[in-house]
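One structure below.
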Amino acid sequence: MLRKEQNDLLTQTGPGTPMGDMFRCYWIPALLAEELPDNDCAPVRVKLLSERLLAFRDSEGRYGLIDEFCAHRGVSLWFGRNEQGGLRCPYHGWKYDHTGQCVEVPSEPKESGYCGKIKLKSYPLIKIGDILWTYMGPAEKQPPHPEWEFALVPSEQTFTSKRWQECNWLQAMEGGIDSSHVSWLHSGNLNSDPLFKGARGNKYNMSDARPFFEVTDNEGGLFIGARRNAEEGHYYWRVTPWVMPSFTMVPPRGDHPVHGHFWIPIDDENCWAWSFDYHPVRALTTEERGAMKAGKGIHVAYVPGTYRPLANKDNDYLMDREAQRKGITYSGVEGIAMQDASLQESMGPIVDRSKENLVSTDNGIIMARHRLLKAARALRDKGVVPPGVDPAHHRVRSAAIVLPVDKSYVDVAEEALSVIEGKAPTSV
Amino acid sequence: MLRKEQNDLLTQTGPGTPMGDMFRCYWIPALLAEELPDNDCAPVRVKLLSERLLAFRDSEGRYGLIDEFCAHRGVSLWFGRNEQGGLRCPYHGWKYDHTGQCVEVPSEPKESGYCGKIKLKSYPLIKIGDILWTYMGPAEKQPPHPEWEFALVPSEQTFTSKRWQECNWLQAMEGGIDSSHVSWLHSGNLNSDPLFKGARGNKYNMSDARPFFEVTDNEGGLFIGARRNAEEGHYYWRVTPWVMPSFTMVPPRGDHPVHGHFWIPIDDENCWAWSFDYHPVRALTTEERGAMKAGKGIHVAYVPGTYRPLANKDNDYLMDREAQRKGITYSGVEGIAMQDASLQESMGPIVDRSKENLVSTDNGIIMARHRLLKAARALRDKGVVPPGVDPAHHRVRSAAIVLPVDKSYVDVAEEALSVIEGKAPTSV
Amino acid sequence: MLRKEQNDLLTQTGPGTPMGDMFRCYWIPALLAEELPDNDCAPVRVKLLSERLLAFRDSEGRYGLIDEFCAHRGVSLWFGRNEQGGLRCPYHGWKYDHTGQCVEVPSEPKESGYCGKIKLKSYPLIKIGDILWTYMGPAEKQPPHPEWEFALVPSEQTFTSKRWQECNWLQAMEGGIDSSHVSWLHSGNLNSDPLFKGARGNKYNMSDARPFFEVTDNEGGLFIGARRNAEEGHYYWRVTPWVMPSFTMVPPRGDHPVHGHFWIPIDDENCWAWSFDYHPVRALTTEERGAMKAGKGIHVAYVPGTYRPLANKDNDYLMDREAQRKGITYSGVEGIAMQDASLQESMGPIVDRSKENLVSTDNGIIMARHRLLKAARALRDKGVVPPGVDPAHHRVRSAAIVLPVDKSYVDVAEEALSVIEGKAPTSV
């Protein structure tokens, strides 16, 4: 349960808000690289942290992320011409480079130097893996580039998608660190989804619906361990790393690719759910990549031409009561991602956390909120750089492991929960 | 004409408002019984008096009307699994019975008794006739069950429908007690609609467009008598009972079934228009029931899969100017119900009653508002139970009668305007 | 750049606002005459200056523009019956004539004189040219009828259309007096649009993208002269008259018809863009009229049954990046009118003028705002009739002319920029 002012602090990320300032300390995913496929391709509208921006890729392949609107009279540069090393407003020909610097105001004499004084707000945009990342904070505080394993492995080993989610980022992220719902909401999918089925661990997941949680702090965030009964004298541990503010990884299953998410605010009532799948030591198979593109696993099928899920709140997520009744899907909604999204969106655009009743299995959520509140206040009050900015914090993995009852996942953390190049995931 | 504060008082029915408290004194229609056709069928979202609720029917056939959102983290229980005597949230398996009592929190040990402390807001939901009724007030003040004749007669004698109306309840209800518009707005239908045509009274209705109104108070509300000229030395009286807060009956025509309405607030800008047809002493014929289902009389045809009229404000009610010009329909809108609804919605979501110019034929409306204001204030200030709560007030009928000029409808009220079992309506 | 309070003053035109009062000093276009084609035809909803009105044409051909809502209980008279010299509300038969005077209240005895006391707000509606004009100010200050040349020439010489524009009137109007964008935004169309191509002046327009502006005040508004290089020793002048508050004319091209606009507020976030084409001395050809109806030149193709452009913000104006890349259209949007509208709408419903960076080519805009502010304040503070009300101010023309470098367009203003009957436009 949170008081209203706590909930407001965590959920509001526009310019000048404490949580907004905190998000502006990190490199965050802005676009899929596929959205800007070629030099001089069409620019793309991007709304992040309640700011309206425009992304483009210039004639030399440089990426720009600038204010959407021309400095002259406020026209959207989405209508601009991307040509000859810059984006030109079609109204009067003002031209900007990828840093937002105005490089031409045709009506003014060049010798006046007028255009040199005009510069749009802009943020760096860099490609790492399949993602274009941005950093929206003050230039002098820009941190080193992100080092998430999924983005650093060779491209044949990784796949990333994004989808529009119609609610605040926090209730989406809270779903990502909530291991306890898997035995319920996704129970219909564990044994049928091509990217989940067949793992030995699934049977523990299904047979013990009352996991015990052991959550541990680390420098970048948390490890959330869920313990279920396994064979006599053993426990099955699933460990979810959470790196602040919103990186999560799902524990692996057998030799399946491992997956995880970022939850990035568009504005206070919408977010991007970023979803990745990768394997640290092998290429994805054709079947796996095909399934991901088809919306299996944690990915979705889209409304054509958009990143909006085909099953969405306007069509009640294509609810199928018959499939619910028969247990083909537990909630009647098809697909793991939309099972989560449908419920999270059903809470309303920003859930009122003063009405919750949290239980022991919500410990991960409780501790994550605590860490977020603490970090946002430390940044606001003392300028303390928040956890997760340091790339060393990025080098985490999820794990699924069977241990004797006298051991905890903490005992194997060093080895199983860190990125060790060339080493396969710790998975059951 | 009403002052703004009077209009606000009458039109606002959310929790804590005087008129909202008053509506919460009554049993009101919540759903059609057909919306919950089977045990363990799909739950239904219900918004009433600005509260978001969920109706369901459990494995033993018990009806529940509970808060839409799970007490745990706020997920909509519309996605829930209706099974084994309760509704289970698909997120973490919390389960509720038909009273909103939480009966299972899987993550907590049974012996903790945790779930016993969790109870959702809930209201009783009972089936009488074709309707599921609820009472949304304090449990200790719950009145006896409703005794409206249309809901008590054998099922073969009665038919009920509902439709979404996109305006405040009061301007819809005011249409129901306004007998004077029939000679105008519905004039094209009196002689063509299968559920209206052929009655001797229709000709008086059509030939005298300037009725005289005699409105009388009774314990539960009002009788609104409209007097028109009939044959030499006689008047044709049509008497509409209004029972507080929003039950009305249309005066009968020949041996046609008698009809009437409830107008129930969804929120302050939407209401349910409930419409019933019944005959006190005979079964409805196949033709009559077919016509009702087809949207004739006071019923409507729907957008498939919804209770929204097919002719609605998004399509200008399928206005047909040619039919208007030829007088096939007086306003160009087809069907008695949509003729009323189109005009009432055209006033805006909540009509500004400070701009009205009321005339003598609006006496029923004026007196009804006066009674509502008085009752809402008496409840608010002194806790007085409002008229219409007592089931004795429900046992009224409408009547249509020709009387000598020296008699008023009041003289025959006892016999014609009360429910007398086995006695046919007083109708011309 | 404008301060917020200046921007508010110029952009808000509802009842009681200074700019709203100013618009209420003029005869303004309300409807196309084609919208009320016949006596007793269907009435038309009209929203102007944030007032909801209803236009109709009675049995004798008289035009009325009255309050949309019946004085009795507030029903929209759009549902009314237009018959026998007036508009009858279909609810209770109240009837109004074209002046808004109630002429019948059926429920009240005629001798009571009741209906004589009921009068709806109404404004005069007169047909001049293809337009129905209204004046929404106090009756005692009604000015003489408008004398715009395009509306006074024989009907075979003129053509007018209107389209809904989804932004404030001022940013639309500012586009109309901004000659500098033509060389950019419309460059793809000058040589291809049937109503623009082939004129000698076009080549100057295209070859000199850095025009010099000379703006001169006149009694009714401004002349905005744009000077571009022509042959050795000569300048090409394009002169745009602006008459307050929102009449503009595009300079002519060869013997093409001349065109111009009115920008009339619907409410503060929507306006009507009125577009006319006429030739002062000859009939429009069949080809020209056909092209106008097809949406060429400054006209548009519509969503069928509406005056909303087919290319609109819901479909990203049918953006064609390939056409943009090839320069078929400069911005990728097809058609001169939608090129303007798309950019103006992209600024948002009401652009924030505190963020602008204006340059020398924006002088016309700067001076027009200054004149508007001055006039609105003079009216508000001292009751001064604003410029443009006097029909003498209407008799202006645009011009396109090549002059020796030692001459300005001001030297030929008398002859070229005034309406001289029977004289062709001054055009190159």
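The values are calculated or read from the model by the stated rules, or taken from the named source; none is laboratory data. Just so you know, these numbers come straight off a predicted model, no measurement behind them. We place every Cβ from the backbone using ideal geometry, glycine too, and count neighbours over all the protein chains shown.
Per-structure values
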{"quantity": "Scan of the stretch A:209-239 for residues that are surrounded by fewer than 17 Cβ atoms within 10 Å (Cβ to Cβ) and not in a strand (DSSP E or B), ordered by number", "calculated": "A:209, A:210, A:218, A:219, A:231, A:232, A:233"}
{"quantity": "Within the stretch B:68-91, considering residues that are facing chain A (nearest Cβ under 7 Å) and of a type in the set (D, E, K, R), the one farthest from residue A:187 (Cα to Cα)", "calculated": "B:73"}
{"quantity": "Hits in the stretch C:139-151 (condition: crowded, with 19+ Cβ neighbours inside 10 Å and not aromatic (Phe, Trp, Tyr))", "calculated": "C:146, C:149, C:151"}
{"quantity": "Residue that is farthest from residue B:271 (Cα to Cα) [pool: residues in the stretch B:301-327 that are surrounded by 13 or more Cβ atoms within 10 Å (Cβ to Cβ) and more than 22 Å from the chain's Cα centre (by Cα)]", "calculated": "B:325"}
{"quantity": "Hits in the stretch B:59-115 (condition: of a type in the set (Lys, Arg) and either on the phi > 0 side of the Ramachandran plot or touching a residue at least 60 places away in the same chain (Cβ under 8 Å) (or both))", "calculated": "none"}
{"quantity": "Verdict on residue A:280 being part of a loop (DSSP other than H, G, I, E, B) and within 22 Å of the chain's Cα centre (by Cα)", "calculated": "yes"}
{"quantity": "Candidates A:219, A:269, filtered to the one that is under 18 Å from the mean Cα position of the chain (by Cα) and assigned by the TED database to the domain that holds residue A:191", "calculated": "A:269"}
{"quantity": "Strands (runs of 3 or more DSSP E) contained entirely in the stretch C:1-71, each with at least 1 residues that are surrounded by fewer than 22 Cβ atoms within 10 Å (Cβ to Cβ) and modelled with pLDDT under 95", "calculated": "none"}
{"quantity": "Test: residue in the stretch C:100-109 that is modelled with pLDDT of 95 or more and either of a type in the set (Gly, Ala, Ser) or closer than 29 Å to residue C:19 by Cα (or both)", "calculated": "yes"}
{"quantity": "Where residue A:428 falls short, out of the listed (1) more than 30 Å from residue A:283 (Cβ to Cβ); (2) over 23 Å from the mean Cα position of the chain (by Cα)", "calculated": "(1)"}
{"quantity": "Any hit, the stretch C:192-208, residues being of a type outside the set (S, T, N, Q), more than 23 Å from the chain's Cα centre (by Cα), within 30 Å of residue C:328 (Cα to Cα) and in a strand (DSSP E or B)", "calculated": "no"}
{"quantity": "The lone exception for residue C:155 - which of (1) polar (S, T, N, Q); (2) touching a strand residue (DSSP E or B) at 6+ places or on another chain (Cβ under 6 Å); (3) farther than 23 Å from residue C:240 by Cα it fails", "calculated": "(2)"}
{"quantity": "Within the stretch A:177-191, considering residues that are within 26 Å of residue B:87 (Cβ to Cβ) and more than 12 Å from chain B (Cβ to nearest Cβ), the one farthest from the chain's Cα centre (by Cα)", "calculated": "A:191"}
{"quantity": "Enumeration of residues in the stretch B:240-253 that are assigned to a loop (DSSP other than H, G, I, E, B) and farther than 15 Å from residue B:366 by Cα", "calculated": "B:250, B:251, B:252, B:253"}
{"quantity": "Filter result for residue C:427 (touching a Ser or Thr at 6+ places or on another chain (Cβ under 7 Å) and of a type outside the set (Val, Ile, Thr))", "calculated": "no"}
{"quantity": "Hits in the stretch A:192-209 - residues which are within 14 Å of chain B (Cβ to nearest Cβ) and either without any contact (Cβ under 8 Å) to a residue 24 or more places away in the chain or in contact with a Gly (Cβ under 9 Å, 6 or more places away or on another chain) (or both)", "calculated": "A:206, A:207, A:209"}
{"quantity": "Single condition residue C:335 does not satisfy, out of (1) on the phi < 0 side of the Ramachandran plot; (2) within 14 Å of chain A (Cβ to nearest Cβ); (3) touching a residue at least 40 places away in the same chain (Cβ under 8 Å)", "calculated": "(1)"}
{"quantity": "Restricting the stretch A:328-364 to residues that are surrounded by fewer than 22 Cβ atoms within 10 Å (Cβ to Cβ), within 19 Å of residue A:211 (Cα to Cα) and out of contact with any His (no Cβ under 9 Å at 6 or more places or on another chain), the residue that is modelled with the highest pLDDT", "calculated": "A:363"}
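Yes/no matrix, rows are residues, columns are (1) crowded, with 16+ Cβ neighbours inside 10 Å; (2) assigned to a loop (DSSP other than H, G, I, E, B); (3) aromatic (Phe, Trp, Tyr); (4) not assigned by the TED database to the domain that holds residue C:35:
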| residue | (1), (2), (3), (4) |
| --- | --- |
| C:87 | yes, no, no, no |
| C:92 | yes, yes, no, no |
| C:98 | yes, yes, no, no |
| C:107 | yes, yes, no, no |
| C:111 | no, no, no, no |
| C:115 | yes, no, no, no |
| C:126 | no, no, no, no |
| C:132 | yes, no, no, no |
| C:137 | yes, yes, no, no |
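Here's the yes/no breakdown for (1) away from every other protein chain (no Cβ under 12 Å); (2) farther than 21 Å from residue B:273 by Cα:
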site: B:317; (1), (2): no, no
site: B:325; (1), (2): no, yes
site: B:339; (1), (2): no, no
site: B:369; (1), (2): yes, no
site: B:382; (1), (2): yes, yes
site: B:400; (1), (2): yes, yes
site: B:403; (1), (2): yes, yes
